[in-house]
Amino acid sequence: MKSEVMSTNTIENSILSAEKFKIEGNIVSSVPFGSGHINDTFKIVTDSDKKEQYLLQRINHHVFRNVDGLMDNIERVCLHLKQKLAHLGQEEVAKRTMTLIPTWDGQHYYKDEQGDYWRVFILIPETRSYDILETTDQAFSGGMAFGQFQKQLSDLDPTTIVEVLPNFHNIEFRMNNLREAIANDRVNRVAEVQDLLDYIFEREDKMRTILELGRANKLPLRITHNDTKFNNVLLDSNDQVQCVIDLDTVMPGYVAYDFGDAIRTIINSAAEDEADLSKIVLNVPLFEAFTAGYLSEAKEFLNETEVESLIHGVHLLPYMQAVRFLTDYIDGDTYYKIAYPEHNLVRTKAQLKLVQELEANHKVLTDILAANLNSN
Ligand code: GN1
Ligand code: MG
């Protein structure tokens with residue numbers, strides 16, 4: 001009951017906030033949208049003749065503390081991508097890149113009286129995203145999309161991009177957070193998850209490969225997306241990629257993090273939070289198709305060590321995601337949105353099942369990577 005009242009308020013707030021932006025027509029409705037774990041997203045429908053729809057987001061400023069830095073990054077990245085695609089004409093550019101709508105007084109975000117931050121993008125029409133993929137064509141398109149994204153950003157000056165969430169994919173940092181959560185044991189959950197912790201700590205050393213290659217200066221830092229879940233690509237009705245979305249975590253990073261995080265969602269035949277672990281098995285043809293799509297774009301710019309690092313990313317990202325979900329569970333669920341009390345625990349177990357499946361299929365996956373690298 002309480003949450004229903006809350007959500008009515010939130011919807012009202014979202015409409016009031018949307019009115020601050022240079023939106024055409026009158027706002028007809030605001031509807032919660034998408035499946036993000038951090039920000040709140042609403043679809044804003046207007047009565048304008050153009051029937052343009054908008055995406056309003058309330059930025060989670062407990063996670064993104066530097067909202068100015070975050071919004072400057074997004075603006076810079078969008079502009080860069082638009083310049084790269086300018087030869088396609090304005091209409092195409094608008095479909096293939098995110099477009100921020102300013103407030104009536106020309107700002108990129110609006111801060112309301114409660115201290116919440118809001119922003120608006122154009123909702124790109126006739127597109128959809130998938131939490132779970134259906135076809136190898138979709139996987140291939142997704143691979144191309146993230147490969148292209150990295151390529152298009154390869155000449156963006158990294159010093160102009162703020163590291164909005166420092167150490168985001170640094171496994172040492174994530175393990176330290178986990179150890180701190182265990183030491184605090186704020187809600188007495190450590191005993192209950194001891195077997196999961198054992199499983200995680202057993203693998204700690206071998207999950208450091210990318211970190212160490214980076215420290216040895218063998219992996220270049222590039223501008224990467226850092227949240228390459230498959231539902232962050234929009235596909236058109238023919239499953240062709242329209243646009244890569246969710247630019248909040250675009251920061252310097254290693255390509256293997258993007259590759260591994262995409263594979264984490266693509267290769268999993270079940271949802272990220274599937275409670276029935278027997279359903280979590282690998283969909284190898286989707287891995288193969290995504291890899292082919294990605295390498296068709298990225299092969300030309302990756303160095304040899306980056307190529308070798310891709311498989312380590314595949315093992316690391318589900319593992320790191322499990323570490324992050326479990327840390328949040330032990331902390332009492334302060335970071336990720338949850339739908340029920342055990343949600344972060346269920347998510348952790350699902351990710352660890354994926355880790356186990358990936359280990360068991362290591363050779364199959366490396367063979368596929370090798371075959372794609374050797375083909376022209
Ligand atoms: C969060 O923005 P969203 O909800 O897609 C998280 C990602 C995790 C993901 C797990 C800023 O992404 O790092 O991989 O959940 N984003 C942040 O689904 O922590
Ligand atoms: Mg995100």
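Under the simplified labelling scheme, the Lys43-Asp205 pair shows an inter-label distance of 5.1 nm, with each label point 7 Å from Cα along Cα→Cβ. Positive contributions from Lys and Arg (+1) and negative ones from Asp and Glu (-1), summed over other residues with Cβ under 12 Å from the Cβ of Cys243, come out at 0.
Checked against a 19 Å cut-off, the cross-linked pairs Lys20/Lys43; Lys279/Lys349; Lys20/Lys95 give Cα-Cα distances beyond that limit for Lys20/Lys95.
Express in nm, to one decimal, how much length is gained between Ala371 and Asn170 on full extension, taking 0.36 nm for each residue of separation and deducting their alpha carbon distance.
On the way: separation 201, 0.36 × 201 = 72.36 nm, distance 2.94 nm.
So the extension gain works out to 69.4 nm.
Counting charges near Ser296 (Lys, Arg +1; Asp, Glu -1) among other residues having Cβ under 15 Å from its Cβ returns a value of -2.
Under a Gaussian network description of the chain, with springs only between Cα atoms under 10 Å, the residue in Asn188, Asn303, Asn344 that fluctuates furthest is Asn188. Extension gain for the segment Asp137 to Ala191, taken as residue separation times 0.36 nm less the Cα-Cα distance, is 15.0 nm to one decimal.
Between His62 and Asp112, the modelled label-to-label distance comes to 1.7 nm, taking each label 7 Å out from Cα in the direction of the beta carbon. For segment 1-113, the equivalent ellipsoid derived from the Cα gyration tensor has semi-axes of 26, 19, 13 Å, listed largest first.
Could you tally the net charge around Val162, taking each other residue with its Cβ under 9 Å from the Cβ of Val162, Lys/Arg +1 and Asp/Glu -1? Show your work: numbers first, answer last.
Working: positive: none; negative: Asp68, Asp72, Glu163.
Taking every Cβ under 9 Å from that of Val162, the sum is -3.
Below 8 Å between Cα atoms, with a sequence gap of 6+, how large is the relative contact order for segment 136-373 in percent?
Working: 348 pairs, mean separation 71.5, N = 238.
Over segment 136-373, the number comes to 30 percent.
Quick note: the coordinates plus some simple rules give every number you see, no bench work behind them. Predicted, not measured: the structure shown is a model, and the values here were computed from it. We place every Cβ from the backbone using ideal geometry, glycine too, and count neighbours over all the protein chains shown.
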